[in-house]
Amino acid sequence: MNAKQSASRWMRFKETLVITLLGWIPTIAFGVKLRNILYRSIFARLGSSVYIQHGAEFLGTSCIEIGNGVHIFNDVRIDAQGHQNNKICIKERVALERGVEIGSLENTHILIDESTYISPYVCIAGPGDVTIGKHCMIASHSGIYANNHNFADLTQPIRNQGVTRKGIVIEDDCWLGHGVTILDGVTIGQGSVIGAGAVVTKNIPPFSVAVGVPAKVTHSRKEYITKENSAAALAKVEKTAESNQQIEILNGLSLDPVLKNLLNPLLDCIRQIINVDTITLLLPTQSEQQLAVCLTIGLEEEIAENIRIPFGQGFAGQIAASGEQMIVDDLSKLEVVSPILRNRGIRSMLGVPLHIKNRALGVFHIGTFRSSEFTKENAQQLQFIADQIGLAIEPLLSFGNLNA
């Protein structure tokens, strides 16, 4: 056995020992802090404030780099084994939800750039290189496969004919819907949206919306709002003002319909993962003096959308005004602007500010019908999700002076 083989075996033994001893320790038993300290001895790099839940599996840790503030939840599997030139790099503030699998083969480089969110049970695989840009969101059960089996030779089993490894690039600020498949050799341009279930076999230009099998570009996000659409929206706003003068008009307070359709299943998925009964996103009206419900799951949407919360008042209003997180264990003890939360039976709530244009304006909150002691750790996790949503919707909102 040569020196290189001996060093490799020793590293694998050390890696197995450390992960076996520490990987099972639950979060509540200081498992996160212990892993944060002792995993540094086996990873190529492990940044500060890294959150690794118990049950996450790592192979080939000497080829794995993890940046500051990364969140890795249970049942994640990251495998960099196979070749000493492999490299898996997870940059700052990335979140890998439960069941995510990332694997290389040989001479494979996989990069997930800053502030990208990977939903549950996404698979990212080499041997081709994979680059995922900043501020991307990839919905659950999607597959990113930088390989494709050759099968031209009828005399040989397909498994013996090798694979392609052209690589995959997903540029900054892309959104992949539920169950999207990206095949080898594809580049998805910046700011693109890929509809749920699409199979992407060819390059997608920047700021495109693509759907179908195989995926085809339906339109450009730059051309999405036409003069006709804008005029129709303005007419609808004016009609609303005539019918109810007490409701402040939300000129420009709207989400791209494609983004809204993607946000709904994402919020529902988050609601189920963190086991809460309601989840709500509020954004400011044009005057920035009130909040309006933009999306909600668990509350009556037709009632909630007519509610206006003044800044500084009630649960959401205080969060928006202060820019601070808030935990309420007993809603009956808090003054509320609208009775909808109490009427719905909400008992405990956790809310965090939503940052838009680097300002704490919107609010993202969750609630339960049962008494629940939300923790600061829960607040940090919800804040991370809110930050990603804020980054995603910021370019699609128009608040007058907000865009100045």
**Complete:** Counting only residues 5 or more apart in sequence or on a different chain, those whose built amide H sits under 5 Å from that of C89 are E65, I110, L111, I112
**Request:** Would you mind computing, in nm to one decimal, how far apart the modelled labels at T375 and Q190 are, each placed 7 Å from Cα along Cα→Cβ?
**Result:** 4.0 nm
**Request:** State the extension gain, in nm to one decimal, for the chain segment bounded by A44 and E106, taking 0.36 nm per residue of separation less the distance between their alpha-carbons.
**Result:** 20.6 nm
**Prompt:** Using the Karplus equation 6.51 cos²θ - 1.76 cosθ + 1.60 (θ = phi - 60°), what ³J(HN,Hα) coupling, rounded to whole Hz, does each residue of segment 61-66 give in order, writing x for Gly and Pro?
**Reply:** 5, 5, 10, 10, 10, 10
**Request:** For each pair in K91/K202; K333/K376; K87/K222; K166/K216, compute the distance between the two Cα atoms and list the pairs where it is over 24 Å.
**Result:** K91/K202; K87/K222
**Asked** With a Cα-only, solvent-free Debye model of segment 3-222, what are the log10 I(q)/I(0) values at q = 0.08, 0.14 Å⁻¹?
**Response** -0.30, -0.86
**Fill in**
If amide H atoms are modeled at 1.01 Å from N in the peptide plane, then the residues at a separation of 5 or more from F311, or on another chain, having amide H under 5 Å from its own are Q290, L291
**Normalised contact order of segment 52-127, rounded percent, pairs of Cα under 8 Å and 6 or more residues apart** = 29 percent
**Prompt:** At what distance in angstrom do the alpha carbon centres of segment 68-123 and segment 184-222 lie from each other?
**Reply:** 23 Å
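Here, each number is a calculation from the coordinates, and none is a lab measurement. The shown structure was predicted, so the numbers you read here are calculated from the model rather than taken from an experiment. Positions of Cβ are backbone-derived with ideal geometry, glycine not excepted, and every protein chain shown enters the neighbour counts.
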